[in-house]
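The values are calculated or read from the model by the stated rules, or taken from the named source; none is laboratory data. Quick caveat, the model's predicted, so the values are computed rather than measured. Counting neighbours? That spans all protein chains shown, and the Cβs are built from the backbone with ideal geometry, glycine included.
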Amino acid sequence: MKKSLFIILAAAGILGTGCKKYLNVNKDPNDPVDVQEALLLAPIEQNVSDNVQGGNASINLQNYVQNIAPNQANPGLWNYQSFNIDFDGDWYNFYVVCLNNLNILNTKAEADGKWNYAGIAKILSAYTLGTATDFWGDIPFSKAFNKTNYLVAYDSQESIYDTIQTLLTNGIADIDKNSSVTPGGDDYLYNGNMASWRKAAWALKARYFIHLTKAPGHTATVQADSALIALQNGMAANGDDLAFAYSGNTGAENIWDLTFSAVTTYVLNQTLVNNLKTRNDPRLTYIVKPAVNTGVDSGRRIGSPLEDLNNYSYPNSFYTAAASSNYIMTYSECLFIKAEALLLTSGFAAAQPVYANAIKSNMARMGIDTSAAAVIIFVNSRVLTASNALQYIMEEKAMANLFNPETFTDWRRTTFPALTKVDGAVSDIPRRLLYPESEILTNAQPQQTAKLTDRVWWDAQ
């Protein structure tokens, strides 16, 4: 299933040669200039899963929100020591591997009148662009793919957010054109189900509306109302989740399985494991494996003395088996967004039933019987009040969004889940990523002086 874009493009070139190829002495048959949409979509989707939702930048953030911990001594990215060069690969993957190829897919699909492909390209571009701006703040986009310009000014994050909403609106409009050409097996995310793609686009709209509750020039209740309106057309059940399904075969393993594989030193963080244990969370055994050496659920505290890796817990199979799905956005997240929006517009009592259903939908996705006594007791122990509502909504959303960079965004804009600096921290907890050295050297811009602890535009005090 996991196809290399190089292999696909090469295959397309071979298939495109004809019986008169001896006349085309100035054409390289293995360097095609045109590739079908169906051959572009599959590797793009896999790269979005691997390099945007689950790439190295996202792994950094899992250290920051204390879901994972390497069994390595300080200093390192885990205690907030980072350098611009550390993010060269992420920037390349976002722009060259994902956004550039999505731009190619969209341009070709529009020219060919294959509007479903164009709609998907715009939706995935919006998600990739949204993730990038939440990582870095101001970034290039409006002129990023103009090949005559090598020095490209950055768009403001505020304008990027406008672009995200425009891409999603136009993506939905493309789908609504009811093109006769629909993806099938080349669409690893929804297998060509365009109704599901439409719901995903509306769900993403709600995500990016709710991000701006504290942004300069924006009002929390207006953003909440916008999110609620979008959610009316968004995901309606767990089956609507935007998730990449891996086969688990060699070369097609879940990206988080690779993160915790034997060739790395990553284990679960003590903060995550202790939160699950302290709360008597029914998801504990679904998320955490007992440590091999002790049989105890035990996470590592960053900065603590090094121990045998088998003294620590690894994730259980739901998120990190080779064939596990990688969740980009879920119905559970939609419910948590709705709960937060209702809290802002109507108060905690209105948010309570939606919030409770959000917890249960996440548990049901993991295979937990939500009618079990342990689940009922847990949900009843986490009832919203006027004083705890935002905290509880964000804490439960973070657990439901495990290994999703969205948790880092939510922490920055709400302060929940509450975090303290790791042992041996060289700074406060980061609030963004550094611009890559490759970009500083080739496209110098004033924004590139930003430090890890600087705030992006929407991250208002």
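Condition first: of a type in the set (A, V, I, L, M, F, W, C) and free of Cβ contacts under 8 Å to residues at least 24 places away in the same chain. Now tell me which residues in segment 279-331 satisfy that.
Let us first name the residues in segment 279-331 that are of a type in the set (A, V, I, L, M, F, W, C), namely 284, 287-288, 291-292, 296, 302, 306, 309, 318, 321-323, 328-329.
284, 291, 292, 296 - these are the residues of segment 279-331 that are of a type in the set (A, V, I, L, M, F, W, C) and free of Cβ contacts under 8 Å to residues at least 24 places away in the same chain.
Could you go through segment 154-161 and let me know if any residue there is in contact with a helix residue (DSSP H, G or I) (Cβ under 7 Å, 6 or more places away or on another chain), in contact (Cβ under 8 Å) with a residue 24 or more places away in the chain and under 30 Å from residue 238 (Cβ atoms).
The initial filter retains those residues of segment 154-161 that are in contact with a helix residue (DSSP H, G or I) (Cβ under 7 Å, 6 or more places away or on another chain), namely 154, 157, 160-161.
Filter once more, so that each one left must be in contact (Cβ under 8 Å) with a residue 24 or more places away in the chain: 154, 157, 160-161.
Subsequent filtering for residues that are under 30 Å from residue 238 (Cβ atoms) retains 161.
There is at least one residue in segment 154-161 that is in contact with a helix residue (DSSP H, G or I) (Cβ under 7 Å, 6 or more places away or on another chain), in contact (Cβ under 8 Å) with a residue 24 or more places away in the chain and under 30 Å from residue 238 (Cβ atoms).
Out of the residues in segment 239-288 that are assigned to a loop (DSSP other than H, G, I, E, B) and hydroxyl-bearing (Ser, Thr, Tyr), which is nearest to residue 124 (Cα to Cα)? Working first, answer last.
Taking segment 239-288 as the starting set, the residues that turn out to be assigned to a loop (DSSP other than H, G, I, E, B) are 241, 246-254, 260-265, 279-283.
Checking the rest, the ones that are also hydroxyl-bearing (Ser, Thr, Tyr) come to 246-247, 250, 261, 264-265.
Values: 246: 18, 247: 21, 250: 26, 261: 28, 264: 29, 265: 31 Å.
Among them, the one singled out is 246.
Of the residues that make up segment 408-419, is at least one in contact with a Ser or Thr (Cβ under 7 Å, 6 or more places away or on another chain), closer than 26 Å to residue 144 by Cα and either at pLDDT 95 or above or surrounded by fewer than 18 Cβ atoms within 10 Å (Cβ to Cβ) (or both)?
no
Table: residues versus (1) within 27 Å of residue 155 (Cα to Cα); (2) part of a helix (DSSP H, G or I); (3) in contact (Cβ under 8 Å) with a residue 40 or more places away in the chain.
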{"position": "352", "(1), (2), (3)": "no, yes, no"}
{"position": "367", "(1), (2), (3)": "no, no, yes"}
{"position": "409", "(1), (2), (3)": "yes, yes, yes"}
{"position": "425", "(1), (2), (3)": "no, no, yes"}
{"position": "433", "(1), (2), (3)": "yes, no, yes"}
{"position": "456", "(1), (2), (3)": "yes, no, yes"}
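Looking at (1) charged (D, E, K, R); (2) within 30 Å of residue 50 (Cα to Cα); (3) touching an Asp or Glu at 6+ places or on another chain (Cβ under 8 Å); (4) not in a helix (DSSP H, G or I), which one does residue 382 not meet, given that it meets all the others?
(2)
Among what's in segment 134-164 and is assigned to a loop (DSSP other than H, G, I, E, B) and of a type in the set (Gly, Ala, Ser), pick the residue that is nearest to residue 454 (Cα to Cα). I'd like the intermediate steps shown before the answer.
Filtering segment 134-164 down to residues assigned to a loop (DSSP other than H, G, I, E, B) leaves 137-138, 140-154, 156.
Going one step further and asking which of them are of a type in the set (Gly, Ala, Ser), we end up with 137, 142, 144, 153, 156.
Values: 137: 10, 142: 24, 144: 24, 153: 20, 156: 15 Å.
Taking the candidates together, the pick is 137.
How many residues does segment 226-257 hold that are within 19 Å of residue 401 (Cα to Cα) and of a type in the set (A, V, I, L, M)? First the steps, then the outcome.
Of segment 226-257, the ones within 19 Å of residue 401 (Cα to Cα) are 227, 231, 234-246, 254-257.
Filter once more, keeping what is of a type in the set (A, V, I, L, M): 227, 231, 235-237, 242-243, 245, 255.
Adding up the residues that qualify gives 9.
Please enumerate the residues belonging to segment 435-454 that are crowded, with 20+ Cβ neighbours inside 10 Å and either part of a helix (DSSP H, G or I) or β-branched (Val, Ile, Thr) (or both).
Step one: of segment 435-454, the residues crowded, with 20+ Cβ neighbours inside 10 Å are 435-436, 439.
Within segment 435-454, 439 is the sole residue that qualifies.
Which residue out of 332, 304, 313 is within 27 Å of residue 208 (Cβ to Cβ), among the small types (Gly, Ala, Ser) and at pLDDT 95 or above? If you could, list the steps in order and put the result at the bottom.
Working: 304 fails: within 27 Å of residue 208 (Cβ to Cβ); 313 fails: within 27 Å of residue 208 (Cβ to Cβ).
Of the residues listed, the single one that is within 27 Å of residue 208 (Cβ to Cβ), among the small types (Gly, Ala, Ser) and at pLDDT 95 or above is 332.
Looking at residue 352 and the list (1) surrounded by fewer than 22 Cβ atoms within 10 Å (Cβ to Cβ); (2) closer than 27 Å to residue 45 by Cβ, which single condition is not satisfied?
(2)
Which residue out of 46, 81 is under 22 Å from residue 422 (Cβ atoms) and modelled with pLDDT of 95 or more? Reasoning before the result, please.
On the way: 46 fails: under 22 Å from residue 422 (Cβ atoms).
Exactly one of 46, 81 is under 22 Å from residue 422 (Cβ atoms) and modelled with pLDDT of 95 or more, namely 81.
Does segment 208-217 contain at least one residue that is assigned to a loop (DSSP other than H, G, I, E, B), modelled with pLDDT of 95 or more, in contact with a Pro (Cβ under 8 Å, 6 or more places away or on another chain) and over 23 Å from residue 51 (Cβ atoms)?
So far as segment 208-217 goes, no, none of its residues is assigned to a loop (DSSP other than H, G, I, E, B), modelled with pLDDT of 95 or more, in contact with a Pro (Cβ under 8 Å, 6 or more places away or on another chain) and over 23 Å from residue 51 (Cβ atoms).
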